[in-house]
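**Student:** The structure is given below, and queries will be raised subsequently.
Read-outs: derived from the displayed coordinates by stated rules, not from any lab. Every value quoted in this text rests on a predicted model; they were computed, and no experiment measured them. Heads up, the Cβs are rebuilt from the backbone with ideal geometry, glycines too, and the neighbour counts pull from every protein chain shown.
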Amino acid sequence: MNSIILQTTSRLILPAALIFSIYVLLRGHNEPGGGFIGGLIAAAGIAVHAIPRGRTSLVSMLRVWPKTLIGAGILLAVLSGLPSLLLAEPFLTHQWPFPSLPVGTTLVFDLGVYLVVIGSVLTFLSYYLEEH
Amino acid sequence: MMLIFAIIVFAFVAAPLVGLMGGRSSPLVAALPFLLFVVFCALLPQIAAGEIVLEAHRWIPSLGIEAAFRLDGLSLTFALLISGIGSAVFLYASAYLRGENRLPRFYVALTLFMASMLGAVLADDLMLLAVFWELTSFTSFLLIGYSPEEAASRRSAQQGFLVTVGGGLAMLAGIILLGSVAGTFSITEILDRGEMIAAHPLAPTIIVLLATGAFAKSAQAPLHSWLANAMVAPTPVSAYLHSATMVKLGIYLLSRFDPVFSDHALWIALLTGFGAVTMLAGSVLAMRETDLKRVLAYSTIVSLGTLTMLIGIPGALAAVAVVTFLIVHALYKACLFLVAGIIDHETGMRDSSALGGMRHFMPVTAAVALLGGLSMAGLPPFIGFAAKELVYETGLAASAGWALVAAAFVANAAMVVVAGVVAVRCFSGDLTATPKTPHDPGFAMLAGPIVLAALGLLFGIAPWLVGDSLITPAASAIAGEPLEYSLSLWHGFTPMLGLSVLTLALGVFAYLRWDGLRSTLANIRQIDLWGPDRFYDHVMDGLQRLALWQTRLIQPGSLRAYVARTLLIMSLAALVTLILRGGLELPSFAGSLMPDLAIAALLVVSSIAVARSRNFVTGIVAAGVVGFVVALLFLFQGAPDLAFTQFSVEALAIVIMLAIVGYMPFRERDSRSATERRLDAYIAAFVGVTASLVLLAVLAQPFDARLSDWFRVASVSEAHGRNLVNVILVDFRALDTMGEITVLGLAAVAAAAVLAGLRRATGEKRK
């Protein structure tokens, strides 16, 4: 689908979608948002960018196959649960190492969700993209 | 005490390191099994004194399952065989497979196998035993399938796996029954309650299930063919797994529970019956082969049959015979397998009918082969002689002994022939041409066979070396009571000696006429046509046909049919439940907000638009409007997160549709006939009405706010977040979310696999 309109607008949509998705991801713990929605937004942005440019450009932009993102995401989610095991608490009991900073292992977990969503959507989509 | 637990964990953890060293073909890989061997040797005096080492660690207390271990004479005998022969095989393989790029993987699987095997024989908890048991089947699968690019290798790996794991399932059922009858999974406690268990009405079922597992693992007829086919694995694997250790696990299981069931008539009948049949079947099948490894494999089946039969015979003498034969067999059979591997490696062939005169090229190998062969043939002063005498003595003392002795007589004569074919025939006579010019291999490949063959001779000359320290404690464990037995080579002029002489005469006679005998037997086509191996193929074919038939039935390939069926069944189930349980109820509509009604009207209009749309693009747009309106509804009802997600999903769906629209063969116009359209309309109406009724019934119930109140309170204090939805997703129910993202990822990968196939089939011409 070699549309000049899509080619041009997607160049603007991609960075906006990515920045917005990260904003949504980060605010998720207190305001509407989170890894799942953030992932959907990012995937939509990347998809709009990839549709007129094709499969090869998608992979070269991501630098990895979309499938890798799925694996990385699940790995992050698992890793976020390991500190609790070391502290002899149930798996995935989230830890908040800094008393003043609102950063904990939940963020790692949510980042995992974010990556799995992006990876899944793009894995599926990539088979419908044209080779260029 | 943590000793046994530490040993097994160490063996598992060392696997990557061994893989790394093995990848460089370093002979140092043998250090791990040798170290374990030394540790077990150090425990020998303690066990010989009659002590039993027990240790238990918490594992799954809620189910009464412990990580418990038991080291007695029987498990120590197995542990010594596993680590001792393991040392020889690890060393041997470093030269045998030198330079192969699959070596790291090979050594990792081999080490994991050894660790699982040790775990299985040392476990004192039935569930732990089952776990390690299945692990040995799994690692055996990996090792038989060493060359996955060959069809024979794949088939054999799968066959071995299915047969042993199928048996393992039967064993697991037996274990669960045994555990519930005994009230414990602890082997030690079960042995203490032996009489109560044997008298229980469920005892016959338990016996059949346990025996099925053991028979599958130890290749008893008619489940024996996987073992012969497993010979496609590299020779070190055949020597280690498929003669010396893994196939003995079934023997271990039977020996372990022999004290419980030894006087049960069914136990005796099953074990002696199947054992004797296996001995005879193995003897005949061994005579048909020329491939050195397959000849040895069938002779292993004969020996496994002998062991099973001996366990089935009650009494202390049988227990001694089991252990002696077990050790003897492991020594000579591993030795001869390794020799067969040397012949294969050096000459490039292993067809014993075409080999001869190799003593000129490989004098050391020839000498080692002769030592191993003499022990196998049961000649004095080798320990094999003592074992054979014990088998006859046990058989003669048993009831219905003449039948068992007859089977043993044939089997032992077959052993003489096999020993001749493998250890004498290839080395004697005139020199034959071979693809490679052979010579004696280096230290790494010869060390193991030399030591194994020498031990066979040493134990024969000095039986007390192994008798008091190992055989008596192990036999005591099988008999279930402390035994006194002094192993000796010479018993004087007894009926057993006479039988031995007759056996040897028959064996030598058959060996001299081997060519004729072999071709006569090999020409009996019925064995190939009606044998269990062919039966296995039929079963697998049937399974595939069943899968194909079922797939065609359930999955005709029409998306419309899938959607219609899924929705119909779902709605029917919901509606029937709702009516039968009397759940039909209407909520009060008081207090409904005006904006909501406006949204509802919009929803109705856009739904009608979807139903009326005549082509694909209009349909997508109309469906998108429905989605956005639903999102608005969420927003006004105070679920911003849900609305947000709905908006994102709708947007993404449109983007994806955009990508797909150019690819799919969507028709411009609706192709359904008028009847089909009417049917679809009925289905849609039915689904819509059901969904509405269910939702109304839900709303009619008073809202239970306990859970949401709790989350509202706990969210900030326990999870440091104010957004309830997200806090539940990433913290309170994080394990669910992890499951969901795993499913999402798997679904994407699975869809990708289907789409990739579709693309290959149709996509290329669209470029």
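**Student:** What does the average come to when, for each residue of peptide B:528-534, you count the partner chain Cβ atoms lying within 10 Å of its Cβ?
**Tutor:** Values: counts 0, 0, 0, 0, 0, 0, 0.
Taking the mean over all residues of the peptide, I get 0.
**Student:** Please order B:Asp731, B:Asp533, B:Asp704 by the number of other Cβ within 10 Å, starting at the fewest.
**Tutor:** Numbers: B:Asp731 24, B:Asp533 16, B:Asp704 8.
Least crowded to most crowded, the residues run B:Asp704, B:Asp533, B:Asp731.
**Student:** Counting pairs on different chains as well as pairs 8 or more places apart, how many Lys pairs in chain B have Cα atoms under 28 Å apart?
**Tutor:** Qualifying lysine pairs in chain B: 12.
**Student:** Would you order B:Cys426, B:Cys41, B:Cys335 from fewest to most other beta-carbon atoms within 10 Å of each residue's own beta-carbon? Could the numbers behind the result be given before it?
**Tutor:** Values: B:Cys426 28, B:Cys41 15, B:Cys335 31.
Result, fewest neighbours first: B:Cys41, B:Cys426, B:Cys335.
**Student:** Can you list residues from other chains, or at least 5 along the same chain, whose modelled amide H is less than 5 Å from the amide H of B:Ala68?
**Tutor:** Long-range HN contacts for B:Ala68: B:His57, B:Asp124, B:Asp125.
**Student:** Here's something else I'd like to know. Report, as an integer, the average count of C-beta atoms from other chains found within 10 Å of each Cβ along A:108-119.
**Tutor:** 4
**Student:** Still on this structure, I have one more. Assuming a viscosity of 1.306 mPa s and a temperature of 10 °C, what translational diffusion coefficient in µm² per second does Stokes-Einstein assign to the stretch B:87-211, Rh being the Kirkwood radius over Cα pairs?
**Tutor:** 97
**Student:** A:Val103's amide H: which non-local residues (gap 5+, or another chain) put their own amide H closer than 5 Å, with H modeled 1.01 Å from N in plane and none for Pro or chain starts?
**Tutor:** Here A:Phe98 satisfy the definition.
**Student:** Ranked highest first by the average count of other Cβ atoms within 10 Å around their residues, in what order do B:91-97, B:249-255 fall? Before the final figure, lay out the partial values.
**Tutor:** Details: B:91-97: 24.0, B:249-255: 26.3.
Result, highest mean Cβ count within 10 Å first: B:249-255, B:91-97.
**Student:** With the radius of gyration and the Kirkwood radius both derived from the Cα set of the stretch B:528-611, what is their ratio Rg to Rh?
**Tutor:** 1.36
**Student:** What's the Cα-based Rg to Rh of the stretch A:1-74, Rh via Kirkwood?
**Tutor:** Reported Rg/Rh, Kirkwood definition of Rh: 1.02.
**Student:** Sticking with this structure for a sec: Where does each of B:275-281, B:212-218 land if you order them by average Cβ count within 10 Å, highest first?
**Tutor:** By packing density, highest mean first, the sequence is B:212-218, B:275-281.
**Student:** Enumerate by residue number the chymotrypsin sites (Phe, Trp or Tyr not before Pro) in the stretch A:1-88 meeting two conditions: DSSP loop (anything except H, G, I, E, B), and at most 10 other Cβ atoms within 10 Å of the site's Cβ.
**Tutor:** Counting only loop positions with at most 10 other Cβ atoms within 10 Å, none of the chymotrypsin sites (Phe, Trp or Tyr not before Pro) in the stretch A:1-88 qualifies.
**Student:** At 0.36 nm per residue, minus the direct Cα-Cα distance, what do B:Val605 and B:Asp192 gain on full extension? Give it in nm, one decimal, please.
**Tutor:** Gain in length upon complete extension: 141.0 nm.
**Student:** Okay, next question. With θ set to phi - 60° and the Karplus curve 6.51 cos²θ - 1.76 cosθ + 1.60, what are the ³J(HN,Hα) couplings of the stretch A:50-64 in order, to the nearest whole Hz, using x for Gly and Pro?
**Tutor:** 7, 4, x, 9, x, 5, 4, 6, 4, 5, 6, 6, 6, 6, 9
**Student:** Could I ask something else about it? What share of all Cα pairs of the protein assembly as shown, in percent, falls into each consecutive 20 Å distance bin?
**Tutor:** 12, 34, 27, 21, 5, 0
**Student:** Which Rg and Dmax, in Å, describe the Cα atoms of chain B?
**Tutor:** When restricted to Cα atoms, chain B yields Rg and Dmax of 34.1, 110 Å.
**Student:** Translational D (Stokes-Einstein, µm²/s) of the stretch B:603-693 at 25 °C and 0.890 mPa s when Rh comes from the Kirkwood sum over C-alpha pairs?
**Tutor:** 165
**Student:** A further question on this structure: In the stretch B:90-195, if the dipole is taken from +1 on Lys/Arg beta carbons and -1 on Asp/Glu beta carbons about the Cα centre, which of B:Gln159, B:Leu97, B:Ala115 is farthest to the positive end?
**Tutor:** B:Leu97
**Student:** Taking amide hydrogens as modeled 1.01 Å from N in the peptide plane, which residues meet the under 5 Å criterion relative to B:Asp291, leaving out close sequence neighbours?
**Tutor:** B:Ser352
**Student:** Distance from the Cα centre of the stretch B:232-295 to that of the stretch B:107-146, in angstrom?
**Tutor:** Taking the Cα centre of the stretch B:107-146 as reference, the centre of the stretch B:232-295 is 18 Å away.
**Student:** Please give the average number of partner chain Cβ atoms lying within 10 Å of the Cβ of each residue in A:74-80, rounded to a whole number.
**Tutor:** 3
**Student:** Which chymotrypsin sites (Phe, Trp or Tyr not before Pro) in the stretch B:395-499 pass both tests, a DSSP loop state and at most 13 other beta-carbon atoms within 10 Å?
**Tutor:** Sparse-neighbourhood loop chymotrypsin sites (Phe, Trp or Tyr not before Pro): B:Trp490, B:Phe493.
**Student:** Do me a favour and compute the ellipsoid semi-axes for the stretch B:207-337 from its Cα gyration tensor, root of five times each eigenvalue, largest one first, whole Å. Don't skip to the answer; put the middle values down first.
**Tutor:** Values: eigenvalues 117, 41, 31 Å².
Equivalent-ellipsoid dimensions as semi-axes: 24, 14, 12 Å.
**Student:** Taking the Cα centroid of the stretch A:42-101 and of the stretch B:365-423, what is the distance between the two, rounded to the nearest whole Å?
**Tutor:** With the stretch A:42-101 and the stretch B:365-423 each reduced to a Cα centre, they are spaced 64 Å.
**Student:** State, to one decimal in nm², a quarter of the convex hull surface area for the C-alpha atoms of the stretch B:1-110, i.e. the direction-averaged projected area. Don't skip to the end; give the middle numbers.
**Tutor:** Working: hull surface 30.8 nm².
Directional mean of the projected Cα hull area for the stretch B:1-110 stands at 7.7 nm².
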